[in-house]
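Working notes, structure below.
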Amino acid sequence: MEATGEEALIPHDDQFVVPPNGNVNEMLNVDHEDNVQGQMEEFLGPQADYNEEEEEKKYYRRKRLGIIKNVVAASIGAMIVYSVYMGLLQMQLILHYDTTYREVKYSNLGLQDIDQKMLMGINVTPIIGLLYTPLLIRFLGTKWMMFLASGIYALFVSTNYWERYYTLVPSAVAIGVAIVPLWASLGNYITRMAQQYYECVNYKEEHVQEQKKLPKGACHSYIIVFQSVFNIIFNLSFVFAEFPMAFVLNSVYLHDNSHVLAQVKHCGAKVTGLIPGFNNTVLKKLPSSMLLIQVESVLMGFAFLSMIIFLGLCGAAYRPTEEIDLRSIGWGNIFQLPFKHLRDYRLRLLCPFFIYSGFETLFAISGFTLSYGVCALGLNKLWLLIVVYGLSASIFSSLSLSLLRLPRWVCLISGAFVHGVLVVVLMAFSPEPKCLKYEGPLLVISALWGLGTALNKTGVSTLLGMLYAEEKERLDFVYTIYHWWQAIAIFIVYLWYGLPMRAKLSILLVTLLLACCCYWVMERRLAKRVPFRLPRIPRPRHKVKGYRYLEEDNSDESDSERSEEDDREDEREEDDCDVVQNLDGEERDQEGWYQGANSPRARRRGAEGRGQDDARVNERDGEI
């Protein structure tokens, strides 16, 4: 039955009726989606005012400023650490030397015996530093090694709140353990900052982007500048270390010269020991315990400040992947490599300079200042002599910047010449006790000795950085050897306590002449391009457990078998590749490629590659 027209106009109950404005809503939704999509494209797409090259320049400018901040922070941290350490140790030894102080404060405690054991711990323990320093630096990292060492110095300060054998002696031994790692880390850190600065300046170079070895001599200018900045700041530690002496143990507490030097007959070159006849009572009144606690608290605060500087302001010396690679060569190899680096004739011929560097610094702050300065001018002038020495060393460290234009031997030989003349003068110089007319000549000698120290210290550190500038994986070994020989020299100075002054000066002069001769031989060999030996750094071994089916090698071979086989091949390769020619970078790379191609591992990999290629060819033939 057909519906009428009227019925056709009546809608069914379940029939959907389109709202009158439906088309308009759909159009609005489409427009809204288009607007959102356009905004997203505008936000994510390239900006019209964005300059990628300019942003890259800003990024690397910030990185360069960060590297400069790292160098200054490390220098200030080291300066604060040694200011606190030397200032506290000097004040402690003066107080413990006084008989009245020992009897009134500590009775039968035996402070002099404790001081002898402390000095023995500080000076003898670093002898074994070569055994553990590279292990600590590789395990902790350069930055964390500096932080830990500064914490050990802070521990030494804290033990002076309760002066007992079981507090002072163990903390002194801990300082002896930390000396070589701290200085090796500092030398490594400053040189690494110079390398990183070069990379930030030349970030567009291909070898920098691919993280290849730097060209020979590329970062030498930055090493010179950064080492100069470090020594300028660090040598101020001799100045700040005298603040406790100048402002606390001054003329208010110290006896005058007529009492302290009453029994002294000879000074200078005629002396045997330090100051024969020096009075055992140097304090005319004892400082209060509260005053000493306040001084130690201030020093403790600065020790914590140095730790915060190392932790918060110093950046990492290596990238995380580089630190992993440095550790992954094997702890046995890390232990052996410092000894193997002594095969390099450059390091062997620089060892006399390393030893003399330790001799002259300790002689300046102990032998000269006591046997010449205090013996003639009195204990009140001790701080003045060391302040003049420190200021001179800090100011004249800037002279090493002349290496930017002059040959590298100028700095070392100039410092050696200055010290050689002064040693000869001191052999003939014997000032009279209690005679203030020698104050001017002694201050001049102190300033000139600081000049020689500045040229020597900065010259040796800069020379090592320049010789191994392209070998960033060897820097910790090289600086460990340098500061270990310095520690040996400090131990020898500790042993020659009772020798006549002319014998000490003769040892200094002979060591200096030997160092100059050996350095001349080294430069001559390098000029003749004589090959030097460098031990091969093993490849990093990153052992990944599981997923052995992803490896292309034999999956049935165990990790231990593979590592033992690699060790044997590394030893065979080391015998073949140990000699490194002093060639340009490109020639050295070609030579290394040739030696690597003839190595057993390369032949094995080549054979495996050829076998896999043959198998693929057979499969394709079978499919055809």
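The values are calculated or read from the model by the stated rules, or taken from the named source; none is laboratory data. Since this is a predicted model, take the numbers as computed values, not measurements. FYI the Cβ positions are ideal-geometry reconstructions off the backbone, even for glycines, and counts take in every protein chain you see. We work out accessible area using only protein heavy atoms, side chains counted, and drop any ligands, DNA or RNA first. Shrake-Rupley method; radii C 1.70, N 1.55, O 1.52, S 1.80 Å.
Values for this structure:
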| quantity | calculated |
| --- | --- |
| FRET E, pair residue 285, residue 131, Förster distance 60 Å, beta-carbon r, rounded to 0.05 | 0.80 |
| Counted charge near residue 253, where neighbours are those whose Cβ lies closer than 9 Å (Asp, Glu -1; Lys, Arg +1) | +2 |
| Rounded accessible area of residue 506 (nearest 10 Å², 1.4 Å probe) | 50 |
| Over 31 Å between alpha carbons, listed pairs 216/457; 117/472; 58/212 | 117/472 |
| Heavy-atom SASA rank of 243, 477 (probe 1.4 Å, accessible area, largest first) | 243, 477 |
| Semi-axis lengths (Å, descending) of the ellipsoid that matches the C-alpha gyration tensor of the range 139-268 | 44, 21, 12 |
| Estimated vicinal HN-Hα couplings, Hz - the range 477-493 in sequence order (Karplus 6.51, -1.76, 1.60; Gly, Pro = x) | 5, 5, 6, 5, 4, 4, 7, 5, 5, 4, 5, 4, 5, 5, 5, 5, 4 |
| Unit charges at the beta carbon, dipole of the range 436-494: most positive-side option, 438, 469, 452 | 438 |
| Relative contact order (percent, whole number), the range 57-528, Cα cutoff 8 Å, 6+ residue spacing | 27 |
| Surface accessible to a 1.4 Å probe, residue 539 within the full protein complex, Å² | 90 |
| Placed amide H near residue 532: partners under 5 Å, 5+ positions off or other chain | 580, 582 |
| Point-charge dipole on Cβ atoms (K/R +1, D/E -1) for the range 57-528, about Cα centre, debye to 20 | 1080 |
| Net lengthening on full extension, residue 55/residue 35 (0.36 nm per residue, minus Cα-Cα) | 4.2 nm |
| Candidate residues 369, 272, 125: accessible-area rank, largest first, probe 1.4 Å | 272, 125, 369 |
| Estimated FRET transfer efficiency (residue 410, residue 64; beta-carbon r; R0 25 Å; 0.05) | 0.35 |
| Built amide H within the under 5 Å cut-off of residue 254, gap 5+ | 284 |
| Built amide H within the under 5 Å cut-off of residue 273, gap 5+ | 499, 501 |
| Label point 7 Å beyond Cα of residue 256 along Cβ direction - residues of the range 436-473 with amide nitrogen under 16 Å | 436-437 |
| Lysines with Cα under 27 Å of residue 434, excluding same-chain neighbours fewer than 8 positions away | 265, 270, 284, 285, 381, 504 |
| Size descriptor, Kirkwood hydrodynamic radius, that averages inverse alpha-carbon separations across the range 352-467, Å | 14.6 |
| Rounded to the nearest 10 Å², the accessible area of residue 105 at probe 1.4 Å | 70 |
| Fraction of accessible area attributable to carbon and sulfur, the range 57-528 (%, probe 1.4 Å) | 68 |
| Order of exposure, largest accessible area first, which applies to 229, 374 with probe 1.4 Å | 229, 374 |
| Spacing of the two label points (7 Å from each Cα toward its C-beta) at residue 203 and residue 502, in nm | 6.4 |
| Sites residue 311 and residue 263, calculated FRET efficiency, Cβ-Cβ separation with R0 51 Å, nearest 0.05 | 0.55 |
| Using alpha carbons only: equivalent-ellipsoid semi-axes of the range 57-528, gyration tensor based, whole Å | 39, 26, 20 |
| Surface per residue (accessible, 1.4 Å probe) for the range 465-532, Å² | 41 |
